[in-house]
Amino acid sequence: MSKKINWGIIGCGNVTEVKSGPAYQKVDGFELVAVMRRNEEKAKDYADRHNVKKYYTDADLLINDDEVDAIYIATPPDSHKKYALKVAEAGKPCCIEKPLAPNYEDCLAITEAFKKKGIPLFTAYYRRSLPRFLKVKEWLEEKYIGEVRHVNWHFSSPPRDVNLTKEYNWHTDSKIAKAGYFDDLACHGLDLFSYYFGTIQTAKGISNNQLGLYTAKDAVTGSWIYENGITGSGSWNFGAYSYKDEVQIIGSKGTIRFSIFKNEAIELDSETKQENIFIEHPEHIQFPHVENMKKYLFGEIPKHPSTGVNATHVAWMMDEILKN
């Protein structure tokens, strides 16, 4: 591609305010030239505040804008497939917010559409590009904890105020996210584990709605095994007394501990090395992810860490966990 790529964003909601949107303006070689939101007042407000010269209320107009070279889809996941297939048909590179789609079948349809066109498809599993989690990958590759035996993730949190008041929230609408916050949050960590340990061979799980506050599931437990023999387990509960987010990677010679979401240090405890490091996330947390897209599209790196194919594999795993 040329040394400048103009981006358009479909769905300029909260995630695009600080986490992602500014990165498409600040990465050298990228420019954000258009945004779309169905509410015209909100679309104009976003464009004005972020110095974006065009705004639309119709996604088709943005997708087919000749000035827009590539598109970032940041809408709720139930609309990802609809927009993604149109972007693929238009022949433009695309980044889609996670999860790629609400189920494996839709993810597969999206990735196949881009594969047929030979167009890059990225997914916003940005932890694969963050320095904090790359340090964990470095520890694993240096084999400070020996051979990895097992990874476990426990995540629990109290119910959110929006759910206690029974206010509508698409994150907990089973028609959009059948397992609610599990769909929205657990995919981040499970994708990161696939980055560390490879392809999942088998996954199983149980799930339930314990609180009855919304239609989606609020308690999930899963176990899985990677093709290389490493085992994994996780539990996610969104009606607990307190917040906890802890990952343990257990090896033959030590353990690595860290949090997926909490802003805290990563810890290495092994026979040969003990280390406790805090690595600050960037202001715009998706910046390294977006910068890697630029490097890939400009031919500076051979592949991007987070593609539609990776996201589809995680979607398959999560569907397997939620089968029962």
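What the table below lists for this structure:
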read-out: Test: residue in the range 277-289 that is touching a His at 6+ places or on another chain (Cβ under 8 Å), free of Cβ contacts under 8 Å to residues at least 60 places away in the same chain and either within 30 Å of Glu17 (Cβ to Cβ) or assigned by TED's automatic domain parsing to the domain that holds Trp170 (or both); value: no
read-out: Phe298 vs. criteria out of contact with any strand residue (DSSP E or B) (no Cβ under 9 Å at 6 or more places or on another chain), surrounded by 14 or more Cβ atoms within 10 Å (Cβ to Cβ) and not charged (D, E, K, R); value: no
read-out: Residue in the range 128-147 that is among the β-branched types (Val, Ile, Thr), closer than 28 Å to Pro22 by Cα and either outside the structural domain of Gly180 (by TED's automatic domain parsing) or outside any helix (DSSP H, G or I) (or both) present; value: no
read-out: Filter result (more than 20 Å from Ile230 (Cβ to Cβ) and of a type in the set (Gly, Ala, Ser)) within the range 242-258; value: Ser242
read-out: Scan of the range 1-19 for residues that are under 15 Å from Asn51 (Cα atoms) and of a type outside the set (Asp, Glu), ordered by number; value: Asn6, Trp7, Gly8, Ile9, Cys12, Thr16, Val18
read-out: Residue match in the range 288-295 (condition: of a type outside the set (Gly, Ala, Ser), buried (at least 19 other Cβ atoms within 10 Å of the Cβ), in contact with a Phe, Trp or Tyr (Cβ under 6 Å, 6 or more places away or on another chain) and within 15 Å of Cys187 (Cα to Cα)); value: no
read-out: Positions within the range 210-245 being in contact with a strand residue (DSSP E or B) (Cβ under 8 Å, 6 or more places away or on another chain) and of a type in the set (Gly, Ala, Ser), in sequence order; value: Ala219, Gly222, Ser223, Gly232, Ser233, Gly234, Ser235, Gly239, Ala240, Ser242
read-out: Candidates Arg37, Arg49, filtered to the one that is charged (D, E, K, R) and under 22 Å from the mean Cα position of the chain (by Cα); value: Arg37
read-out: Residue list for the range 87-110, filter: crowded, with 23+ Cβ neighbours inside 10 Å, touching a Ser or Thr at 6+ places or on another chain (Cβ under 7 Å) and part of a helix (DSSP H, G or I); value: Cys107
read-out: Qualifying positions in the range 292-321 - in contact (Cβ under 8 Å) with a residue 24 or more places away in the chain, closer than 25 Å to Gly198 by Cβ and not hydrophobic (A, V, I, L, M, F, W, C); value: Asn292, Tyr296, His304, Pro305, Ser306, Thr307, Gly308, Asn310, Thr312, His313, Asp319, Glu320
read-out: Boolean, Ile266 is farther than 25 Å from Thr312 by Cα and in contact with a Leu (Cβ under 6 Å, 6 or more places away or on another chain); value: no
read-out: Looking only at the range 195-249, and only at residues there that are aromatic (Phe, Trp, Tyr) and part of a loop (DSSP other than H, G, I, E, B), the one that is farthest from Asn310 (Cα to Cα); value: Tyr241
read-out: Qualifying residue in the range 272-283 (condition: surrounded by 15 or more Cβ atoms within 10 Å (Cβ to Cβ) and part of a strand (DSSP E or B)); value: no
read-out: Residues being in a strand (DSSP E or B) and more than 14 Å from His154 (Cβ to Cβ) - total across the range 256-268; value: 4
read-out: Residue among Ile145, Ile119 that is at negative phi, in contact with a Cys (Cβ under 9 Å, 6 or more places away or on another chain) and β-branched (Val, Ile, Thr); value: Ile119
read-out: Of all residues making up the range 38-59, the number that are surrounded by 14 or more Cβ atoms within 10 Å (Cβ to Cβ) and either assigned to a helix (DSSP H, G or I) or touching a Lys or Arg at 6+ places or on another chain (Cβ under 9 Å) (or both); value: 10
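So that you can scan it fast, the table gives a plain yes or no per residue for (1) surrounded by fewer than 23 Cβ atoms within 10 Å (Cβ to Cβ); (2) closer than 23 Å to Ile5 by Cβ; (3) touching a residue at least 60 places away in the same chain (Cβ under 8 Å); (4) aromatic (Phe, Trp, Tyr):
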residue: Tyr72; (1), (2), (3), (4): no, yes, yes, yes
residue: Asp78; (1), (2), (3), (4): yes, no, yes, no
residue: Leu85; (1), (2), (3), (4): yes, yes, no, no
residue: Pro120; (1), (2), (3), (4): yes, yes, yes, no
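The values are calculated or read from the model by the stated rules, or taken from the named source; none is laboratory data. As the structure is a prediction and not an experimental result, all values here were calculated from the model. We place every Cβ from the backbone using ideal geometry, glycine too, and count neighbours over all the protein chains shown.
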